[in-house]
Amino acid sequence: MISAKRYKWLVFIISVLLVANVVLLYMLVSEEKKPGEPKKTEKPQEKHPYGRTGEMLEKEVGFSKEQLERYTKLREAHWNTMRPLFEKMRSSKDSFYQLLRVPELGDSALKGAAAAIGNAQQAIDLQTFKHFNEVKALCLPEQREKFDAFIEDVIKKMTMTRGRVNNNKAAEDSLKNSPQKMK
């Protein structure tokens with residue numbers, strides 16, 4: 001037979017476990033807002049009709065509705081051109097890393113595969129540069145300085161190493177000290 005003292009402890013432990021289970025069950029089924037998720041009563045945040053970049057061009061550069069419509073057409077044409085370029089890059093990298101399976105690989109084959117990646121990246125960068133110039137051509141003279149600052153921020157974000165929050169100080173320092181900058 002269980003003593004009265006032990007019985008009280010068992011009742012206490014079972015009560016604590018029961019309360020913990022009820023709290024956990026409530027948390028699972030409650031309609032509390034989870035991080036990053038809108039409440040069911042809230043309207044989801046409406047997307048900007050010209051996309052996130054269009055919204056930024058409107059706010060930071062001062063693009064008009066007409067400029068944003070022209071930008072949207074440029075963006076669509078740009079991505080139609082970029083998709084095959086990204087596919088070529090992916091294919092070039094796949095081919096490059098498939099060379100790991102080759103037991104006795106010559107330097108020329110390895111360098112050729114690496115050059116294909118470089119060529120694909122070059123095509124991507126040239127197309128992106130062309131696109132930025134086309135978007136800049138949409139700017140009014142008074143918007144160009146703001147656009148240049150905007151693109152500078154975009155490029156920093158594009159070239160920032162993943163997972164790093166702070167600016168890439170070493171890369172900035174090397175650019176400041178490059179021979180082209182010193183001339």
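The numbers here are math on the coordinates, done by the rules we state, and not lab data. Predicted model only: the values in this text are computed from it and were never measured. Don't worry about glycine lacking a Cβ; one is built from the backbone with ideal geometry, like all the others, and counts go over all protein chains shown.
Enter the per residue convex hull volume of the range 102-156, computed from alpha-carbon coordinates, in Å³ rounded to the nearest integer.
Values: hull volume 4.7 nm³, N = 55.
Looking at the range 102-156, the number lands at 85 Å³ per residue.
List the trypsin sites (Lys or Arg not before Pro) within the range 93-163 that DSSP assigns to loop and that have no more than 11 neighbouring Cβ atoms inside 10 Å. Write out the running numbers ahead of the final one.
On the way: sites: K93, R101, K111, K130, K136, R144, K146, K156, K157, R162; in loops: R162.
Passing both the DSSP loop test and the Cβ count: R162.
Give me the one-decimal nm value for the distance between modelled label points at E66 and M27, 7 Å along each residue's Cα-to-Cβ direction.
5.7
Run the simple label-point estimate for F132 and K157 please: 7 Å along Cα→C-beta, distance reported in nm.
Reported label-point gap for F132 and K157 is 1.4 nm.
I want the local charge near F96. Using Cβ-Cβ distances under 12 Å, sum +1 for each Lys or Arg and -1 for each Asp or Glu among the other residues.
Details: positive: R90, K93, R101, K111; negative: D94.
So the environment of F96 carries a net charge of +3.
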